[in-house]
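The block underneath contains the structure these notes are about, expressed in structure tokens.
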Amino acid sequence: MNITIRPAHREDAALIQRFITELAIYEKAGDQVAATVTSIEVSLFGEDSPARALICEVNGEAAGYAIYFFNYSTWQAKKGLYLEDLYISPAMRGDGAGKRMLQHLAAIAVENGCGRFEWSVLDWNQPAIDFYRSIGAEPQDEWVRYRMSGSPLRDFAASA
């Protein structure tokens, strides 16, 4: 089994869009994908993109992707690495590709002086939760994530 991880390039936008759609379907939200190949090219590979992407290949075949960005912890006074998406195609799971992606991302965090490496997982995704715990990750149950998007976001911004 030959697992390689490489930075994604603009030419990977269609592949990334396919993986995003597969992940959304797995997460029971396939109808919520608004990303297109063009919007990925612009938002992920534009000069001012805050995010970065990796492609995982198993025996030369695209197996999955990760999207991450750097954030900042005021308490640590250090940047952190936040993993937005990690996805390995079902046919490629079980051979260590996901673990290798996380190890690669952890190394990026360490190389960049990050104090944290964080991500979120759906509370019903027990296989992922079990996997994350098996590698030493701990849930942060005391923090509740909030989100504002769409009309509530626009309405709130307009009320300023």
- [ ] State all residues of region 35-68 that are of a type outside the set (A, V, I, L, M, F, W, C), in a helix (DSSP H, G or I) and in contact with a strand residue (DSSP E or B) (Cβ under 9 Å, 6 or more places away or on another chain); if no residue qualifies, say none.
- [x] SER43
Open item on the list: Against the condition over 22 Å from ALA24 (Cα atoms) and either open to solvent by 20 Å² or more (accessible area, probe 1.4 Å) or of a type outside the set (Val, Ile, Thr) (or both), how does GLY98 come out, does it pass?
Closed with: no
- [ ] Assess whether SER43 counts as being more than 24 Å from ILE108 (Cα to Cα) and open to solvent by 30 Å² or more (accessible area, probe 1.4 Å).
- [x] no
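Could you please find all residues in region 123-138 being of a type outside the set (A, V, I, L, M, F, W, C) and surrounded by 12 or more Cβ atoms within 10 Å (Cβ to Cβ)? Outline the logic, then answer.
Of region 123-138, the ones of a type outside the set (A, V, I, L, M, F, W, C) are 123, 125-127, 130, 132-134, 136, 138.
Matches in region 123-138: ASN125, TYR132.
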TODO: Kindly provide the set of residues from region 101-112 that are surrounded by 19 or more Cβ atoms within 10 Å (Cβ to Cβ) and of a type in the set (Gly, Ala, Ser), ordered by number.
DONE: ALA109
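Just checking, how many residues over region 56-103 are among the hydrophobic types (A, V, I, L, M, F, W, C) and under 18 Å from PHE131 (Cβ atoms)? Give the derivation first.
Restricting attention to region 56-103, the residues satisfying the condition of being among the hydrophobic types (A, V, I, L, M, F, W, C) are 56, 58, 62-63, 66-67, 69-70, 75, 77, 81, 83, 86, 88, 91-92, 97, 101-102.
Next, from what is left, pick out any that are under 18 Å from PHE131 (Cβ atoms): 56, 58, 63, 66, 83, 86, 88, 91-92, 97, 101-102.
Residues flagged as among the hydrophobic types (A, V, I, L, M, F, W, C) and under 18 Å from PHE131 (Cβ atoms) within region 56-103 amount to 12.
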TODO: Return only the number of the condition from (1) open to solvent by 80 Å² or more (accessible area, probe 1.4 Å); (2) within 13 Å of TYR68 (Cβ to Cβ); (3) hydroxyl-bearing (Ser, Thr, Tyr) that SER120 does not satisfy.
DONE: (1)
- [ ] Can you run down the residue pairs with Cβ atoms below 7 Å, 6 or more apart or on separate chains, where the first is in region 4-32 and over 18 Å from VAL58 (Cβ atoms) and open to solvent by 30 Å² or more (accessible area, probe 1.4 Å) and the partner is aliphatic (A, V, I, L, M) and modelled with pLDDT under 95?
- [x] GLU27/LEU122
Task: Pair list, Cβ under 7 Å, 6 or more apart: region 129-158 residue farther than 28 Å from ARG100 by Cβ, other residue part of a loop (DSSP other than H, G, I, E, B) - done: PHE156/MET148
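Which residues, counting only those in region 69-81, are in contact with a strand residue (DSSP E or B) (Cβ under 6 Å, 6 or more places away or on another chain) and either surrounded by fewer than 20 Cβ atoms within 10 Å (Cβ to Cβ) or part of a loop (DSSP other than H, G, I, E, B) (or both)? Reasoning before the result, please.
Pass one, region 69-81, residues in contact with a strand residue (DSSP E or B) (Cβ under 6 Å, 6 or more places away or on another chain): 69-73, 79-81.
Hits for region 69-81 are PHE69, PHE70, ASN71, TYR72, SER73, LYS79, GLY80.
The values are calculated or read from the model by the stated rules, or taken from the named source; none is laboratory data. Owing to the predicted nature of the structure, the values given are computational and were not obtained by experimental measurement. Ideal geometry is used to build each Cβ from the backbone, glycine not excepted, and the neighbour counts take in all protein chains shown. Heavy atoms of the whole protein, side chains included, go into the accessibility calculation; ligands, DNA and RNA do not. Shrake-Rupley method; radii C 1.70, N 1.55, O 1.52, S 1.80 Å.
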